[in-house]
Amino acid sequence: MKTFTRKLTLPFSLPFFNGLSKFGLTLITLLFCLNGIAQDNDTLKKPYIFERNSLATTLTNGFNKTTFEAENGVGMAESRIGCVPKLHLDYRFSLGQYFGINVGAGVVFFPFAYEIEPRGDSLGSSEYTYFNITNYNAFGSFRTSLDFNYWINPKFGFTASAGAGFWDVPFRYTDLGIIRDNGTEGRFLFTSLEGLRGNLHTTIGINHKLKNDHVVNLSLTYEYLHDKVYAGDYVIYNGSADGTFFNEGNTVNLSFSYIFTRTKKMKNVKAMEE
């Protein structure tokens with residue numbers, strides 16, 4: 001089995017910055033196009049909803065898979081889709097009716113999910129459910145983004161955003177596995193590579209204005225990390241097969257947000273002034 005030595009790594013690499021510069025140019029081009037669309041949207045403007053700062057709480061479920069690679073023996077551990085719950089609180093600084101800057105923080109619950117197929121006398125992981133066999137680590141998350149909002153009709157609107165952030169990945173060195181009286185079905189020796197993980201994310205979604213002038217949002221997000229979250233070695237079937245594994249941390253996410261706006265307060269102030 002391979003061994004890992006702990007070393008100092010920078011939170012951001014040069015390729016990450018090259019990717020970030022291309023991402024920025026694409027974002028600027030997109031925003032100029034969206035700004036042109038916004039000029040024709042005056043008849044659907046919603047007073048104060050996005051013209052004032054707002055606060056959003058977001059519950060996200062992401063999807064992610066670990067990659068396994070066989071080295072010796074017959075058979076290998078296999079990937080299964082892992083659920084990645086995330087909870088964030090974001091404050092939005094309004095740049096007018098259409099654009100805003102979001103700054104937020106939260107927590108990411110990141111899984112280590114796998115499967116071992118039954119073989120011979122070995123049951124593998126067949127008798128375990130997802131939650132029995134999946135292990136989670138909690139990571140701190142910070143993010144910022146620039147968003148665009150466009151009202152389709154009086155109740156529904158389109159939103160898009162792009163931004164960057166990082167995860168704070170703590171150091172972990174854990175030995176996990178399935179061990180029975182008749183032997184070891186699988187053993188995973190893995191290292192969470194400590195430090196910051198820079199990420200880029202882009203989102204599209206739908207806004208819905210509620211009767212109380214707050215907003216709910218349903219969106220789809222892709223989040224790309226510049227470096228692996230963890231890596232390691234495994235042995236299965238009492239040591240007769242082994243290999244390596246790693247997880248790059250990229251996730252496809254479905255999010256639900258509740259946005260607290262200042263619309264009702266601003267309407268009351270305007271009514272009093274009149």
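Each reported figure results from applying straightforward, stated rules to the coordinates on display, with no laboratory input. Since the model is a prediction, treat every value here as computed from it, not as a measurement. Cβ placement follows ideal geometry from the backbone for every residue including glycine, while neighbour counts extend to all protein chains displayed.
Between N212 and N135, how high is the FRET efficiency from 1/(1 + (r/R0)^6) when r is the Cβ-Cβ distance and R₀ = 35 Å? Nearest 0.05. Mind showing how you got there, number by number?
On the way: r = 41 Å, r/R0 = 1.16.
That pair, N212 with N135, gives E of 0.30.
Report the extension gain between D168 and Y222 in nm, rounded to one decimal, defined as 0.36 nm multiplied by the number of residues separating them, less their alpha carbon distance.
So the chain would gain 17.6 nm between D168 and Y222.
Could you give the nm distance between label points at R119 and N238, where each point is 7 Å from its Cα heading toward the beta carbon?
1.3
Which order results if I116, I204 are arranged by neighbouring Cβ count within 10 Å, fewest first?
I204, I116
Could you line up H208, H214 from fewest to most neighbouring Cβ atoms inside 10 Å?
Least crowded to most crowded, the residues run H208, H214.
Just order 49-60, 129-140 by mean Cβ neighbour count inside 10 Å, highest at the front, would you?
49-60, 129-140
Counting Lys and Arg as +1 and Asp and Glu as -1, each charge on the Cβ, what is the dipole of the range 63-190 about the Cα centre in debye, to the nearest 20?
680
Given a Förster distance of 35 angstrom, what is the FRET efficiency for F260 paired with I81, based on the Cβ-Cβ distance and rounded to 0.05?
The formula returns an efficiency of 0.60 here.
Return the sequence-ordered ³J(HN,Hα) values of the range 92-104 in whole Hz as given by the Karplus equation 6.51 cos²θ - 1.76 cosθ + 1.60 applied to θ = phi - 60°, using x for Gly and Pro.
So the J values, rounded to whole Hz, are 10, 9, 6, 10, x, 5, 10, 10, x, 10, 10, 10, x.
Can you run phi through the Karplus equation (6.51, -1.76, 1.60; θ = phi - 60°) for the range 233-248 and list ³J(HN,Hα) in whole Hz, with x for Gly and Pro?
Those phi angles translate into 10, 9, 10, 9, 6, 6, x, 7, 9, 8, x, 10, 8, 7, 9, 7 Hz.
Could you please report the charge total around E223, scoring K, R as +1 and D, E as -1 over all other residues with beta-carbon less than 12 angstrom from its beta-carbon?
Net local charge, E223 excluded: +2.
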